[in-house]
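What follows is one structure encoded as structure tokens, with my remarks underneath.
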Amino acid sequence: MFHKKFNTLSTAAAVGTLAILAGCNADDVGSSSQEGASAARFVYTTAQSADDTRVITHRVAENGLLAEVSSYSAGAIGGQSVSGVETDDILAVVGGYLIVLNSASHSVSVFSINETSGELTRVDQNEAVDGVQNIHSGGLNPVSVETFERGEKTWVLVANQGVLQVCVNQGQAQSVVGCEDQNGQLVGEPRSIVQDERNIRIYQLVEGMLVGGKTLQRFAPDIGALAEISVGPRAEQLAVVTTGIPNAQPDVSSGYVLPSQGMTYSIVNRADGFSLADAADLGFGQVAGTHLVRWGGNGSALFFANASLTSNTSHLDLVGVPLLDSESALRYVAMPAKGYVSAMAVSMDGDRVYAAENATGHVYQFAWSDNGFSPVNEPLVASGDVVKSMMLSGGDQTIFMLTNGQNWQLTSVGVSGDDLSVTGSVALPDSAGTGFRGLAVYPSR
């Protein structure tokens, strides 16, 4: 199925559609990787280099201190995604397995996890070929991975970003002169980019092997590249956010030739497998920086970062979508800040949203209700570093953060009511090539 255009709904209509999805019978649905409240014993991140991607394992002590265990090759070259836009949603733990997206290699690695030591063993994805093999992602630049359970089976979704276009215009969004690919080659209008390589793929995970790969959705180039996907807590819904197409020409009035889009689907179980239906587009207008989407833990809300309702990109933006009230409007907060939201985490019950601002490393905390966002206390300063990734663990009692300042660090933050405090931090190896990407914990949240 190729999805070129989305139904653009009014706010009330869009929220009403989502409310219907949120009200399905729980007996008919599954569970996503968001569920659970086990304390993390191991934390994983990836070190990226032109020679290799390595998965770095750290043990978590009861006091929150971190100690490196070992590193393991992902069997793929590392480095920045060839699209030029990085997201950090490239790791996922499901059961006793760690899934790793290799953006620059367009492949997926799967590791089995030793529950006692945290050690990893890469699982061969093609026994017919000598050596331990990865599986191709089914597109270009895999950038986001999600898992869910349905029918006593484990399913893995992979979002392939495709080639990110950079377009040039003369100051008006519809006046497109030309678009360049990641190599700076002129490729004409956005829709001339190959669309089959920008998609969402689904696999079943069977004893560590990804089997039965199928394309659930293809995306037209003129909506921008995929940035991140997120499965709802009961595996009923899928949220998607796109990067939009930046304007490469300086001194123009429009920051984006095509703005980013936030959209939702229902995940439908059919006789021949899953499909996506009921597409709803939540149009935001201009969008700046990293693009993130998270569900409120119980499915009552959906959060987008950097989703501005105006063309003003000089502040840090969050948008919340209440799903259970068809009369509700989008809830929007704009905080005075020096940059965009570089990382975001949401509590399991959806009443706390944590957002990191990229220029200063400040981590803001918000209480969330149907009335919107309310700031909580002063922001936590993460050693003046840029927070690249963050995730909650252990019944929302710990936040793990991947930061980059004078050096790369892995940091644990204790959550006690409204108070945040750093409980442990460890420097990551200096020889990491282009840096580190992604976070995952075992057992999964």
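So, Val94, is that one under 22 Å from Phe42 (Cα atoms), at pLDDT 95 or above and β-branched (Val, Ile, Thr) or not? The answer is yes for Val94.
Got at least one residue in the stretch 122-135 being free of Cβ contacts under 8 Å to residues at least 12 places away in the same chain, surrounded by fewer than 17 Cβ atoms within 10 Å (Cβ to Cβ), under 23 Å from Phe274 (Cβ atoms) and acidic (Asp, Glu)? No; the residues of the stretch 122-135 include none that is free of Cβ contacts under 8 Å to residues at least 12 places away in the same chain, surrounded by fewer than 17 Cβ atoms within 10 Å (Cβ to Cβ), under 23 Å from Phe274 (Cβ atoms) and acidic (Asp, Glu). For the stretch 416-429, the criterion of being touching a residue at least 12 places away in the same chain (Cβ under 8 Å), part of a loop (DSSP other than H, G, I, E, B) and small (Gly, Ala, Ser) is met by no residue. Listed here are the strands (runs of 3 or more DSSP E) enclosed by the stretch 123-178 that have at least 2 residues being within 16 Å of Leu216 (Cα to Cα) and either modelled with pLDDT under 90 or not small (Gly, Ala, Ser) (or both): 142-150, 153-160.
Here's the yes/no breakdown for (1) in a strand (DSSP E or B); (2) modelled with pLDDT of 75 or more; (3) under 26 Å from Gly395 (Cβ atoms):
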{"site": "Gly297", "(1), (2), (3)": "no, no, yes"}
{"site": "Thr310", "(1), (2), (3)": "no, no, no"}
{"site": "Asp317", "(1), (2), (3)": "yes, no, no"}
{"site": "Asp349", "(1), (2), (3)": "no, yes, yes"}
{"site": "Tyr354", "(1), (2), (3)": "yes, yes, yes"}
{"site": "Thr360", "(1), (2), (3)": "no, yes, no"}
{"site": "Ala367", "(1), (2), (3)": "yes, yes, yes"}
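Being surrounded by fewer than 22 Cβ atoms within 10 Å (Cβ to Cβ), assigned to a loop (DSSP other than H, G, I, E, B), on the phi < 0 side of the Ramachandran plot and acidic (Asp, Glu), is that true of even one residue in the stretch 392-412? No, the stretch 392-412 contains no residue that is surrounded by fewer than 22 Cβ atoms within 10 Å (Cβ to Cβ), assigned to a loop (DSSP other than H, G, I, E, B), on the phi < 0 side of the Ramachandran plot and acidic (Asp, Glu). Annotation: of all residues in the stretch 369-386 being part of a strand (DSSP E or B) and either in contact with a helix residue (DSSP H, G or I) (Cβ under 8 Å, 6 or more places away or on another chain) or over 14 Å from Asn407 (Cβ atoms) (or both), the one that is modelled with the lowest pLDDT is Val381.
The values are calculated or read from the model by the stated rules, or taken from the named source; none is laboratory data. This is a predicted model, so every value here is computed, not measured. As a convention, Cβ positions derive from the backbone with ideal geometry for all residues, glycine included, and neighbour counts pool all protein chains shown.
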